[in-house]
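Participant: To start, I am sharing the structure in question, which I have written as structure tokens.
The values are calculated or read from the model by the stated rules, or taken from the named source; none is laboratory data. Here the structure is a predicted model, which is why all the values come from computation and not from measurement. Glycine gets a Cβ as well: all are built from the backbone with ideal geometry, and neighbour counts include every protein chain shown.
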Amino acid sequence: MHLLIPAAGSGRRMGSQRNKLLLTLLEKPLLSWTLAAAEASGHITWIGIMGQPDDFPDFEAIVSDLSLTKPVKLIQGGATRQESVYNGLQSLPPESDRVLIHDGARCLATAELFDRSAEALLTCPGLIVAIPVKDTIKVVDERRIVRDTPERSNLWAAQTPQGFEVQLLKKCHEEGREKGWEVTDDAALFEKCGLPVQIVEGEETNLKVTTPVDLALAEFILRQRTLTVDR
Ligand code: CTP
Ligand code: MG
């Protein structure tokens with residue numbers, strides 16, 4: 001199965017000068033942790049990384065340091081995640097029928113999670129990994145008055161990987177462009193087109209490194225994993 005990694009962001013909320021995926025996490029760039037998990041997954045056979053051209057030399061260095069056995073293609077990203085994925089879909093190998101999409105910033109996702117997603121994608125047209133939310137979620141208006149409290153047992157926090165039949169997702173992206181839909185994940189386009197999106201159990205540690213606190217948490221979690229392996 002083919003994997004697309006959106007990695008063309010700027011990391012504004014991280015407050016760093018460069019793409020947060022190039023920041024160091026336990027002596028390695030953040031993106032190399034994501035790629036190492038993709039390399040270890042038995043189901044993934046090809047990796048496309050969407051990035052800004054300025055970052056390509058750094059990405060190339062990361063890929064070559066990892067000595068990946070799988071083919072890797074660098075693809076020019078867009079101004080939004082949605083555009084970056086759109087570009088990635090156009091650059092998939094022609095034989096690609098199902099694709100997993102995984103945020104470069106979710107660098108703690110395990111190879112098992114990729115494998116579980118890839119297997120589930122053989123039996124449904126679209127899926128996301130997600131976990132039940134722990135917080136009570138409030139719907140709030142522009143004056144910060146609470147308008148609604150959705151039943152928590154119906155709420156799941158979306159993560160990546162997300163997986164789709166390629167032709168269906170391409171159609172949804174085209175429709176989204178025509179109609180000006182702006183979404184933060186691909187499943188939202190699928191839903192807007194009336195297509196079903198299956199939930200696959202995610203991982204509590206599969207956080208999206210977004211702020212400096214997330215970076216510290218990611219470091220803590222990775223250290224724990226290394227300790228467990230050494231024991
Ligand atoms: N991404 C992308 N193209 C963009 C914007 C984001 O490929 N134009 C990628 C990011 O590199 C990241 C993933 O989408 O791997 C999720 O985005 P996010 O966590 O929001 O990262 P950034 O956009 O870099 O961060 P911020 O929103 O704080 O600027
Ligand atoms: Mg962003």
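Participant: From the set of residues in segment 99-115 that are near ligand 1 (Cβ under 10 Å from one of its atoms) and in a loop (DSSP other than H, G, I, E, B), which is nearest to G42 (Cα to Cα)? Give the steps one after another, and end with the answer.
Facilitator: Taking segment 99-115 as the starting set, the residues that turn out to be near ligand 1 (Cβ under 10 Å from one of its atoms) are 101-107.
With in a loop (DSSP other than H, G, I, E, B) added as a condition, the list becomes 102-107.
On the way: H102: 16, D103: 19, G104: 19, A105: 21, R106: 19, C107: 18 Å.
It comes out as H102.
Participant: Another question about this same structure. Is there a residue in segment 93-101 that is surrounded by fewer than 16 Cβ atoms within 10 Å (Cβ to Cβ) and either aromatic (F, W, Y) or without any contact (Cβ under 8 Å) to a residue 12 or more places away in the chain (or both)?
Facilitator: Going through segment 93-101, the residues surrounded by fewer than 16 Cβ atoms within 10 Å (Cβ to Cβ) turn out to be 93-95, 97.
Now restrict to residues that are either aromatic (F, W, Y) or without any contact (Cβ under 8 Å) to a residue 12 or more places away in the chain (or both): 94-95.
So far as segment 93-101 goes, yes, one or more of its residues are surrounded by fewer than 16 Cβ atoms within 10 Å (Cβ to Cβ) and either aromatic (F, W, Y) or without any contact (Cβ under 8 Å) to a residue 12 or more places away in the chain (or both).
Participant: Related question: State the number of residues belonging to segment 2-29 that are under 13 Å from G51 (Cβ atoms), assigned to a helix (DSSP H, G or I) and in contact (Cβ under 8 Å) with a residue 60 or more places away in the chain.
Facilitator: Result for segment 2-29: 2.
Participant: Run down W46, W33 and say which single residue is away from ligand 1 (no atom under 13 Å from the Cβ) and under 21 Å from T110 (Cβ atoms).
Facilitator: Numbers: W33 fails: away from ligand 1 (no atom under 13 Å from the Cβ).
Result: W46 is the single residue among W46, W33 that is away from ligand 1 (no atom under 13 Å from the Cβ) and under 21 Å from T110 (Cβ atoms).
Participant: If I filter segment 150-185 down to residues being part of a loop (DSSP other than H, G, I, E, B) and within 20 Å of the chain's Cα centre (by Cα), which single residue comes out as farthest from ligand 2 (Cβ to nearest atom)? Write out each step before concluding.
Facilitator: Applying the first criterion (part of a loop (DSSP other than H, G, I, E, B)) to segment 150-185 yields 150-151, 155, 180-185.
Filter again for within 20 Å of the chain's Cα centre (by Cα), leaving 155, 181-185.
Working: L155: 22, W181: 17, E182: 12, V183: 12, T184: 8, D185: 11 Å.
It comes out as L155.
Participant: Here is a further query. When only residues in segment 184-225 that are of a type in the set (D, E) and out of contact with any Cys (no Cβ under 8 Å at 6 or more places or on another chain) count, which is farthest from L155 (Cα to Cα)?
Facilitator: So the first thing to find is which residues in segment 184-225 are of a type in the set (D, E), and the list is 185-186, 191, 201, 203-204, 214, 219.
Still in the running and out of contact with any Cys (no Cβ under 8 Å at 6 or more places or on another chain): 185, 191, 201, 203-204, 214, 219.
Working: D185: 16, E191: 16, E201: 13, E203: 15, E204: 15, D214: 22, E219: 28 Å.
Selected residue: E219.
Participant: A further question on this structure: Mind listing whichever residues of segment 50-69 are under 12 Å from L3 (Cβ atoms) and either of a type in the set (G, A, S) or within 16 Å of ligand 2 (Cβ to nearest atom) (or both)? First the steps, then the outcome.
Facilitator: Just the residues of segment 50-69 that are under 12 Å from L3 (Cβ atoms), to begin with: 50, 68.
Correct list: M50 only.
Participant: How many residues are over 19 Å from S10 (Cβ atoms) and surrounded by 14 or more Cβ atoms within 10 Å (Cβ to Cβ) if we restrict to segment 208-218? Spell out the reasoning first.
Facilitator: Our first condition is that a residue be over 19 Å from S10 (Cβ atoms); within segment 208-218, this holds for 216-217.
Filter again for surrounded by 14 or more Cβ atoms within 10 Å (Cβ to Cβ), leaving 217.
Residues in segment 208-218 being over 19 Å from S10 (Cβ atoms) and surrounded by 14 or more Cβ atoms within 10 Å (Cβ to Cβ): 1 in total.
Participant: Within segment 89-110, track down each residue that is in contact with a helix residue (DSSP H, G or I) (Cβ under 7 Å, 6 or more places away or on another chain) and among the acidic types (D, E).
Facilitator: The answer is D97, and nothing else.
Participant: Could you tell me whether any residue of segment 39-54 is aliphatic (A, V, I, L, M), crowded, with 18+ Cβ neighbours inside 10 Å and assigned to a helix (DSSP H, G or I)?
Facilitator: Going through segment 39-54, the residues aliphatic (A, V, I, L, M) turn out to be 40, 44, 47, 49-50.
So of that shortlist, the ones also crowded, with 18+ Cβ neighbours inside 10 Å come out as 44, 47, 49-50.
Filter once more, so that each one left must be assigned to a helix (DSSP H, G or I): none.
So far as segment 39-54 goes, no, none of its residues is aliphatic (A, V, I, L, M), crowded, with 18+ Cβ neighbours inside 10 Å and assigned to a helix (DSSP H, G or I).
Participant: Would you be able to tell me the number of residues in segment 1-31 that are within 11 Å of ligand 2 (Cβ to nearest atom), among the small types (G, A, S) and surrounded by fewer than 24 Cβ atoms within 10 Å (Cβ to Cβ)?
Facilitator: 3
Participant: Follow-up. Starting from segment 174-186, keep only residues that are more than 12 Å from V85 (Cβ to Cβ), then list their pairs with residues that are among the aromatic types (F, W, Y) whose Cβ atoms are within a distance under 9 Å, requiring at least 6 positions of separation or different chains.
Facilitator: Partner pairs satisfying both residue conditions: E174/Y86; E175/W181.
Participant: Turning to a different aspect of this structure: When you go through S96, S67 one by one, which is the residue that is at pLDDT below 95, more than 16 Å from ligand 1 (Cβ to nearest atom) and in contact with a strand residue (DSSP E or B) (Cβ under 6 Å, 6 or more places away or on another chain)?
Facilitator: On the way: S67 fails: in contact with a strand residue (DSSP E or B) (Cβ under 6 Å, 6 or more places away or on another chain).
Result of the check over S96, S67: S96.
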